[in-house]
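Just below is one structure, and these are the notes that go with it.
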Amino acid sequence: MNKVHLSGLLPAEVTSLLQELGEPAYRGRQVFAALHKRRLTSLAEATDLPKDLRARIDERATASTLTLESRYVSEDGTRRYLLKTHDGFPVETVFIPEERRDTICFSSQSGCPLQCSFCLTAQLGLLRNLTPGEIVEQVIVALNDAYGIGSETPHGTNLVGMGAGEPFLAFDSVMKALRIMAEPTGLHIVPGRVTISTAGIVPRIRELATIPDRPHLAISLAAPTDELRDQLMPINKKWPLQELLAACKEFEKSLKPGETFTFEYVMLDGVNDSEDQARQLANLLNRHELRAKVNLIPHNSAAPLPYLPSPPERVERFQGILESKGVRALVRRSRGRDIYAACGQLAARGAEKIAPALN
Ligand code: SAH
């Protein structure tokens, strides 16, 4: 794409682009509002801008670069969007309606390089990092589909960076996209409403802690020992638990009053869900004295992944052991599993391949 992608620009950058075209600063503000407040997907619809100006912008820049390939709606109301970049790579976004506040789950990469053995996205490998504009546009697509172009969102939106890819390997794109989306004159989704999940890229955890207006953090753990985590999440060989939890301890210093961070623990039947492993996990977190909670996520199974979800009784037992040792633990019910929209299921699949849910 040799045109500038407008959705990936901060207000000041939009203004300088307009100034290069000989336009006053307020035109920049108008363009930014058209894209992010009114969520127009093309400047052709921004009829408050002179027609010749729209044509001149169009020579240099484009509002949107993603195209919608398919849209899947779950029986629980969750929606999955399968989009395509201008150069043909898949991008997936999930809209999760909730009573109090909706959540949009965005992707940071097309595919993922990390090879976690329980995750379907890993099967794609890394296709490429997404740009800031491609991240912002995912959120605009989901909001426009849910509420209509330009209409107010009835209640605020939470964002989670838990889609395809490892956000901390696309760190600059993600952080810039978050700054753009936080703009009060645009989407106005502030970092306090955003949670980014990492498989454990230690230097970026430490870096995130130094950013004043940062999002919340979640960390995918999946195992209480290095031996098992090496197998399930090969990134553990680079940054093992000791280093990961030391970085978490450092991150903890940046927590605001009342803020916690989350460990995600996917529960794999007979692999990481025994009573012993629950005790090991509790001891590990207690040893590091971490102010964190644990989200237990029963595995979302899909061929060809060689795992089944832990049965509900075992999940409950695991949770009970964590709680009895003073570790806050919640069981997370997956949404959108019937349309391949749940955790670990984003692999650019079409509906025809959707198998019935296992439990
Ligand atoms: N790469 C980042 C962002 C993805 S978040 C990370 O790993 O944190 C996706 C979450 O879903 C992670 O916590 C991951 O461990 C979990 N997950 C992956 N595959 C899953 C599956 N099949 N069932 C349930 N959870 C899964």
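Restricting attention to the chain, the count of lysine pairs at 8 or more positions apart or across chains with alpha carbons under 16 Å apart stands at 4. Size descriptor for the range 54-185, Kirkwood hydrodynamic radius: 15.5 Å (Cα pairs only, one decimal).
For the chain, the longest principal axis of the Cα atoms and the long axis of helix 11-20 meet at an angle of about 30 degrees. When you count the other C-beta atoms within 10 angstrom of each residue and take the mean per peptide, 116-128, 217-229 line up highest first as 217-229, 116-128. Each residue of the range 1-50 gets 84 Å³ once the volume of the Cα convex hull is shared out per residue. The label point for residue 231 and the one for residue 26, both projected 7 Å from the Cα toward the Cβ, are 6.7 nm apart. Helices in the chain, meaning DSSP H runs of at least 4 residues, each add -39500 (n - 2.57). Divided by all residues, the mean residue ellipticity at 222 nm is -10000 deg cm²/dmol.
For the chain, the share of accessible area belonging to carbon and sulfur comes to 50 percent (1.4 Å probe, ligands and nucleic acids excluded). On full extension, the segment bounded by residue 317 and residue 73 gains 84.5 nm, given 0.36 nm per residue less the C-alpha separation. Which whole-number percent is the relative contact order of the range 11-85 (Cα, under 8 Å, 6+ apart)? Once divided by the residue count of the range 11-85, the mean separation gives 19 percent.
Counting only Cα atoms, the size of the range 302-351 along its three principal axes is 43, 19, 14 Å, in decreasing order.
Quick one: length gained pulling residue 86 to residue 249 fully straight, 0.36 nm per residue minus the C-alpha distance? Each step should come with its number before you reach the end.
Numbers: separation 163, 0.36 × 163 = 58.68 nm, distance 4.08 nm.
Roughly 54.6 nm would be gained on extension.
Residue-wise HN-Hα couplings along the range 143-149, as the Karplus relation 6.51 cos²θ - 1.76 cosθ + 1.60 with θ = phi - 60° gives them from phi, are 5, 5, 5, 6, 10, x, 4 Hz; Gly and Pro carry x. Per residue, the convex hull spanned by the Cα atoms of the range 211-359 amounts to 132 cubic angstrom. What is the angle, in °, between the Cα long axis of helix 51-60 and the longest principal axis of the Cα atoms in the chain? Nearest 10 is fine, range 0 to 90. It is inclined by approximately 50 degrees.
Against the compact-protein benchmark of 2.2 N^0.38 Å, the Cα-based radius of gyration of the chain scales to 1.02.
Put 166, 316, 23 in order of accessible area, largest first, 1.4 Å probe: what do you get? List each step's numbers first, then the result.
On the way: 166 5, 316 125, 23 35 Å².
Heavy-atom accessible area, descending, gives 316, 23, 166.
Dipole check for the range 94-186: with +1 at the C-beta of Lys and Arg, -1 at the C-beta of Asp and Glu, and the Cα centre as origin, the magnitude is about 220 Debye.
Starting from the Cα gyration tensor of the range 127-254, take the square roots of the eigenvalues, sort them a ≥ b ≥ c, and report rounded, prolate or oblate (rounded when a/c is under 1.5, otherwise prolate if a/b is larger than b/c, else oblate). Because a/c hits 1.5 or more and a/b exceeds b/c, the range 127-254 counts as prolate. With bins 10 Å wide beginning at 0, the percent of Cα pairs of the range 203-254 falling in each bin runs 25, 49, 24, 3. Taking the C-alpha atoms only, the angle from helix 275-287 to the longest principal axis of the chain is near 60 degrees. Remark: the chain carries 43 Å² of accessible area per residue (probe radius 1.4 Å; ligands, DNA and RNA excluded).
Each residue of the range 209-216 was assigned a 3J(HN,Hα) from its phi angle through the Karplus expression (A = 6.51, B = -1.76, C = 1.60, θ = phi - 60°), giving 4, 8, 8, x, 9, 9, x, 6 Hz with x at Gly and Pro. GNM remark for the chain: springs join alpha carbons under 10 Å apart, and the peak mean-square fluctuation among 132, 304, 234 falls on 304.
The values are calculated or read from the model by the stated rules, or taken from the named source; none is laboratory data. The shown structure was predicted, so the numbers you read here are calculated from the model rather than taken from an experiment. Backbone-built Cβ (ideal geometry, glycine too); neighbour counts: all protein chains shown. Side chains are part of the model used for accessible areas, which takes the heavy atoms of the whole protein and leaves out ligands, DNA and RNA. Shrake-Rupley method; radii C 1.70, N 1.55, O 1.52, S 1.80 Å.
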